[in-house]
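Single-structure report; data block below.
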Amino acid sequence: MKEPIKTAGSRPPRARSMLRALREDLLTARWDPLPRLSRPRWLARLPHLLTGCVAALFGFLVGTQASAQYEVDHLSAVLLGVLTSLSIVLAMCWPMLGWWLALAASVSVAVVIHPHVMLGQPWPWIPMGAFAFAPVVLLVALRVPPRVTAGVVGTTLLLSLVGELGFRPPPGRSTLTEAVVVLGVAGVLGYSLRAVRLARGRLVEQETLTEAERAQRTLLEERSRIARELHDVVAHHMSVISIQAQVAVHLAENPSDELKENLAGIRGNALEALTELRRVLGVLRSEHPDDPANPHHPQPTLAELDALVANVRAAGMEVTTQIAGERRALSPGLELTAYRVVQEALSNCLRHAPGSRVEVGLAYGPHSLHLCVANSAPTAPAAPSPGAGHGLLGMRERAGMLGGELAAGPRPGGGYEVSVVLPLDPPSDALAKESRDQ
């Protein structure tokens, strides 16, 4: 079988698909409005108001510089300023259309001032040109993937380079370096703010899932309690009835056929009741009774602690971890409890101690696992929390279920600390309960 001949100018299929996707992203006209502030409500439109003020300011500066420094006629200078302002305003709702309009405005500025460039004056960007273009790049980077941001900045700088190499007037001064610095900073800043916003959104989803898991765990515990009571009371008596019915026929002297038949019926009914009872107990103890073939799903362990901490760091909180002792795999119930305690403690730090530094300590001892999550004093006021405040109670119940201990309280120098000690050999009944919850 012959291999396909590759020409020098051919591109791999993956490269062509990436270029096609980037072209579609740059040419889209998707509506993507700038998000409002969640709280307080009276400041919800503050980003839009500030962006409008920035648009008016840069439009005025561009028009003034084109008129005063390059001696462009008044009408043309006003039109260039209006185009600059409109591009920033448009980028608040249509980021890619705003960028294209800003690109058209920048090209228009370069074309209009080209005959008026004097010795030492910058071209194709006027002194405020790159700074007026930066808000558009920032607004685009806040709402598009990083590859699209790179395409926007790269296309703008490439067009600027082509203009300088092919059309720059001899007296003009190069502005490529300033454009690279200003637009690059705007793109990186927008990408960073977008990453923080997405991380906070994922953290909110994780907290919601934690609340849902806590409610599900409470339901499973209640169902397990009902199952234990049914097993301890009903199953015991039904077993006794079955055995007594089986033995009674041998205790009677010359039992009649009718008696044998009745005793056999009693024993059969008891065995049938036990079978039905076991089925009901299986449904009560199953996490997904409607899917008996796959009732369980993997639960998080301490092996995923680094990913949890990285997610909290991405949300803007400084978190350090320290692990002492030989890191090793523990029982599934112990791993899950330790992970959930750290997760809940970090969530509390984000909610109640914004701006604080958090230290997560994990120590593997010969007979116990020590956990400690401590935060310094917050540097910003905490937002009102709509939760029921059962996080600490849930952590204490988890630790107590495995025979462990939890201590929580304020630190002497400010902040808060949660410390947990979990035995590596929990009581047998706790292990059984954890295995059912798994």
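The values are calculated or read from the model by the stated rules, or taken from the named source; none is laboratory data. Everything numeric here is computed off the predicted structure, so don't read it as measured data. Every residue, glycine as well, gets a Cβ built from its backbone with ideal geometry; the counts of neighbours run over all protein chains shown. When the accessible area is computed, the model is the full protein with side chains, heavy atoms only, and any ligands, DNA or RNA have been set aside. Shrake-Rupley method; radii C 1.70, N 1.55, O 1.52, S 1.80 Å.
Condition check ((1) assigned to a helix (DSSP H, G or I); (2) farther than 20 Å from residue 169 by Cβ; (3) of a type in the set (Lys, Arg)) across all residues:
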site	(1), (2), (3)
80	yes, no, no
83	yes, yes, no
104	yes, yes, no
118	no, no, no
134	yes, yes, no
147	yes, yes, yes
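Would you point out which residue out of 350, 346, 277, 284 is buried (at least 16 other Cβ atoms within 10 Å of the Cβ) and at pLDDT 85 or above?
Testing whether each residue is buried (at least 16 other Cβ atoms within 10 Å of the Cβ) and at pLDDT 85 or above leaves just 346.
Please find, within segment 106-122, the residue that is nearest to the chain's Cα centre (by Cα) out of those that are under 19 Å from residue 155 (Cβ atoms) and crowded, with 21+ Cβ neighbours inside 10 Å.
So, considering only residues that are under 19 Å from residue 155 (Cβ atoms) and crowded, with 21+ Cβ neighbours inside 10 Å, the one nearest to the chain's Cα centre (by Cα) is 106.
From the list 96, 92, pick out the single residue that is more than 21 Å from residue 180 (Cβ to Cβ), touching a Leu at 6+ places or on another chain (Cβ under 8 Å) and open to solvent by less than 10 Å² (accessible area, probe 1.4 Å).
96
State whether one or more residues within segment 299-315 are within 30 Å of residue 41 (Cα to Cα), open to solvent by less than 10 Å² (accessible area, probe 1.4 Å) and either in contact (Cβ under 8 Å) with a residue 60 or more places away in the chain or in contact with a helix residue (DSSP H, G or I) (Cβ under 9 Å, 6 or more places away or on another chain) (or both).
Yes.
Mind listing whichever residues of segment 39-55 are open to solvent by less than 100 Å² (accessible area, probe 1.4 Å) and either at pLDDT below 80 or over 23 Å from residue 148 (Cβ atoms) (or both)?
Result: 40, 43, 44, 46, 50, 52, 53.
Per-residue answers, yes or no, for (1) exposed (fewer than 13 other Cβ atoms within 10 Å of the Cβ); (2) of a type outside the set (Phe, Trp, Tyr); (3) at pLDDT below 85; (4) under 30 Å from residue 275 (Cβ atoms):
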| position | (1), (2), (3), (4) |
| --- | --- |
| 152 | no, yes, no, no |
| 159 | no, yes, no, no |
| 162 | yes, yes, no, no |
| 165 | yes, yes, no, no |
| 169 | no, yes, no, no |
| 180 | no, yes, no, no |
| 184 | no, yes, no, no |
| 211 | no, yes, yes, no |
| 214 | no, yes, yes, no |
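Taking segment 67-88 on its own, how many of its residues are crowded, with 19+ Cβ neighbours inside 10 Å and among the aliphatic types (A, V, I, L, M)?
Of the residues in that region, 5 qualify.
Quick check on this structure: which one of 359, 326, 397 is open to solvent by 60 Å² or more (accessible area, probe 1.4 Å) and at pLDDT 90 or above?
359
For residue 435, which of the numbered conditions (1) open to solvent by 50 Å² or more (accessible area, probe 1.4 Å); (2) more than 28 Å from the chain's Cα centre (by Cα); (3) among the hydroxyl-bearing types (Ser, Thr, Tyr); (4) modelled with pLDDT of 80 or more fails to hold?
That leaves (4) as the condition not met.
Give me the pairs, please: first residue somewhere in segment 124-143 and more than 15 Å from residue 179 (Cβ to Cβ), second residue anywhere and at pLDDT below 95 and not in a helix (DSSP H, G or I), beta-carbon distance under 8 Å, and either six or more positions apart or on two chains.
As it stands, the answer is 139/34; 139/92; 142/34; 143/32; 143/34, since those pairs meet every condition given.
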